[in-house]
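Sharing a structure here in structure tokens format.
The values are calculated or read from the model by the stated rules, or taken from the named source; none is laboratory data. These figures come from a predicted structure and were not determined experimentally. Quick reminder, even Gly has a Cβ in these numbers, built from the backbone with ideal geometry, and neighbours come from all protein chains shown. Surface areas here come from the heavy atoms of the whole protein model, side chains and all, with no ligands, DNA or RNA. Shrake-Rupley method; radii C 1.70, N 1.55, O 1.52, S 1.80 Å.
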Amino acid sequence: MGGISLGLLLRIAMRSLVGHRIKGLIVGTILAFGTFLVVLGTTLLDNVERSMEESITGSLTGHIQLVSKNAKDELAFFGPAAASDQDLSVIADYDRVKKAMLALDNVEAVIPMGRQMAQGVVGNELDENLEALREAVRAEDESRVADLSGRVKRMVSLLLVEQQNAAEIASDPAELEEGIGHLRRGSSDAFWADFGADPIAALEFLDTKVAPLSTTSTAVFLPYIATDLDAYAEKFEHFEIADGEMVPRGHKGFLFNKTYFEEQAKNKVARHLDKIQEAIELDGKTIAGDPLLQEQIERGKKQTRHVTQQLGPADAVLVEAELRKLLPEVKGDLDALLTTFLDVDDANFAERYAFFYEVIAPRVRLYRVKVGDTVTIRALSQDGYMRAINVKVYGTFKLKGLERSVLASVYNLVDLMSFRDLYGLMTPEKRKELDAIRADVGVADIDRASAEDALFGGDEEMVVEADLAGGTIDVDAALAAAASAQARATDTFDPADLERGMTLHAALLLKDPARLTETMAAIEKASDEQDLGVRPFTWQQVAGIVGQFILVMRVVLYVAIAIIFAVALVIINNSMVMATMDRVGEIGTMRAIGARRRFVLTLFLLETLVLALIAGGVGAAAASGLIVLLGNVGIPSAGNDGLIFLFGGPALHPELVGSNLVLGLAAIVTVSLVSTLYPARIAARIAPVVAMQSRE
């Protein structure tokens, strides 16, 4: 360009842009919109990814999961792959693996884990009342027997109505006749009049013939993570005890996720009203304006049996009387009153919600399982048999910020030792311990034919030895001591065994999550060099379909941006070609007075560069302003479960990401310059004679 300065080129470029402002305005608008979309889209996705990463890594997976190299299935915590147990094999020597991982400079903690789909067994209302009635009979508590008898009779009567209604629509009503006959007997006045004469026989009839007819399920689907509970509570920042207490160190125990507990264990009518209350108070919804709430109310009106079947005779009379005061216009029985009561609207919901918890809730069983109860957990073991354990529920926990997300709250927690009992794999340590016990007590293999003689001594005379040095034997004290010893033996364990026993996978928490890729490589290297037999997976890989969501969204965004940029490229190219044709005379004159091709080429590219920077700056500023605004007010999840999980809470507060501003401007400048190259080359090739001919 010889002696021509950049300032002169800029002045010429700006004059040209002003002279062709209509074209510049159209092209600039497209460039500004493209920049706005790139900056806003990538920033929102980065913030969602950051929030989701914090949700998942801080509550469940850690930053990295270690799995045995022999695993046949891929570890997944969410999605279809997580709906069943996975064949992950076993980390061969967890203690050695943990020490090797902690030797890496970026690894903060290693926590053993096991994931399993199990089934919790809990009694239904009829079972529990029958058991209470049996205890009252044993204790000869006549007043309690009378109260529970009335309660059971009423439940059997309601069950009879339910079965009779089912028989009316059944394809083969005869199949239900036998059960209906048992229910008629169990709800008759004659049966209860004779109850006192032989209560044991009457209870046996109710247990064996009537209770199995109850339609209330006694099983609860129970997905859980087994882990070192103390290490989990310390290292996973979202964890917090909600009710009850933490499982004491060295004790077996179960912790329900608070959200899961409310969904699965709470009385369905109470939970139904709770959800409406949350939607109104927390999400600002109205019943009149939300079709989903209206649909939920219609479903709730069909759940009245979860109240009527739990009320005893006296409570039923009281609740019915209170409902008649509240709803004097309603005719019919208690069921009709409850159905009308649950038909709530915006005007009466607050009053009825308070009425439910003041009058009805104290008289029904709000939760199928309570903190302090012992639940039976059943699961399919690795040897193909169903195993069961009894474990105490010490409390519930919540994941801070994710309390309303059912998706984030799908897993409960149990101690690792209980999981090993259920899983069924015999560890070398356990086998060694059992072999030692067998040797101590002299266990020997015998054939089937000799089993009876071995057990009872054959024809030899039985010799009874007793130490009566103390004079008397306190049988009750001996039984209590034995029961206590058994409880200690089954409910406690040595915490050191957590490191020595079977572990399916392990969570790694990093000191600097930004060094995830580097740490993954270091783990691979350590595993190969020390023959640890483990493979690392990032939190996104084990999050299953949830972890892939961001990737899918990013692909969709980039495709949309690519389409916009392709359109912009074509428009800019055509505009510049047309502008070049319009400026043939001007270009020819510049060439005639000495301007070289390089000057013309640079001039055109500079014009585009200036336009791209101005338009890109406007688009980036607009996107930045919107992100700052959204960061202050937040993007609400509106109670949507998936959004709560993705946002890491009830709202997303996005923050500006500097690299996205640079990316947006760089992308728009690149597209602009590429689209200008062709018309700029055309302009640079225009000869002075062509300009003169065009003027003639």
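Principal axis extents for the chain, Cα atoms only, whole Å, descending order, please.
If we take the Cα atoms of the chain, the spans are 132, 76, 46 Å.
With the contact rule set at Cα under 8 Å and sequence spacing of 6 or more, what percent relative contact order holds for the chain?
30
Please report the spacing between the Cα centers of region 336-366 and region 492-511 in Å, no decimals.
47
Among the listed pairs Lys302/Lys400; Lys285/Lys398; Lys72/Lys370; Lys153/Lys268; Lys235/Lys258; Lys69/Lys400, which are separated by more than 29 Å between their Cα atoms?
Over 29 Å Cα-Cα: Lys302/Lys400; Lys72/Lys370; Lys69/Lys400.
Over region 614-656, with every protein chain in place, what whole percent of the accessible area is carbon and sulfur at 1.4 Å, could you tell me?
Carbon and sulfur together cover 70 percent of it.
Rounded to whole Å, give me the distance from the Cα center of region 255-326 to that of region 391-408.
A separation of 21 Å, based on Cα centres.
Between beta-carbons, use under 14 Å as the cut-off and find the net charge around Arg50, counting Lys and Arg +1, Asp and Glu -1.
My count for the surroundings of Arg50 gives -4.
Still on this structure, please answer the following. Find the eigenvalues of the gyration tensor of the Cα atoms of region 514-629, then list the square roots of 5 times those eigenvalues as equivalent ellipsoid semi-axes, largest first, in whole angstrom.
Value: 52, 20, 14 Å, ordered largest first.
If r is the Cβ-Cβ distance from Asp87 to Glu128 and R0 is 51 Å, what FRET efficiency results, to the nearest 0.05?
For Asp87 and Glu128, the calculated efficiency is 0.85.
Please label the shape of region 20-138 as rounded, prolate or oblate, based on the square roots a ≥ b ≥ c of the eigenvalues of the alpha-carbon gyration tensor (a/c under 1.5 means rounded; beyond that, a/b larger than b/c means prolate, else oblate).
Taking the square roots of the gyration eigenvalues as a ≥ b ≥ c, region 20-138 is oblate.
For region 12-89, just say rounded, prolate or oblate: build the C-alpha gyration tensor, square-root its eigenvalues into a ≥ b ≥ c, call rounded for a/c under 1.5, and beyond that prolate if a/b exceeds b/c, oblate if not.
Note, shape of region 12-89 comes out prolate.
A follow-up question, please. Leaving out ligands, DNA and RNA, and with a 1.4 Å probe, what % of the accessible surface on region 106-247 is carbon or sulfur?
C and S fraction of accessible area: 48 percent.
Quote the FRET efficiency, to the nearest 0.05, computed for Ala560 versus Glu351 with a Förster distance R0 of 45 Å and r equal to the Cβ-Cβ distance.
Taking R0 as 45 Å, the efficiency between Ala560 and Glu351 is 0.35.
I'd like the distance between the alpha-carbon centres of region 564-617 and region 23-48, rounded to an integer number of Å.
Centre-to-centre distance over Cα atoms comes out at 22 Å.
Between Ala139 and Leu318, what is 0.36 nm times their sequence separation minus the Cα-Cα distance? Round to one decimal in nm.
61.6 nm
Something else about it: Looking at the square roots a ≥ b ≥ c of the eigenvalues of the Cα gyration tensor of region 499-540, which shape do they give, rounded for a/c under 1.5, prolate if a/b is larger than b/c, or oblate?
Oblate, since a/c reaches 1.5 and b/c is not below a/b.
A further question follows. Would you calculate a helix-derived [θ] at 222 nm for the chain, using -39,500 (n - 2.57) for each DSSP H run of n ≥ 4 and dividing by the full residue count, to the nearest 500?
-18000 deg cm²/dmol, from helical runs alone.
Apply 1/(1 + (r/R0)^6) to the Cβ-Cβ distance of Val330 and Glu295, taking R0 = 30 Å, and write down the FRET efficiency to the nearest 0.05.
Efficiency computed from Cβ-Cβ geometry: 0.85.
Please give the length that would be gained between Arg249 and Thr492 if that part of the chain were fully extended, namely 0.36 nm times their separation in residues minus their C-alpha to C-alpha distance (nm, one decimal).
The span from Arg249 to Thr492 would gain 86.6 nm if fully extended.
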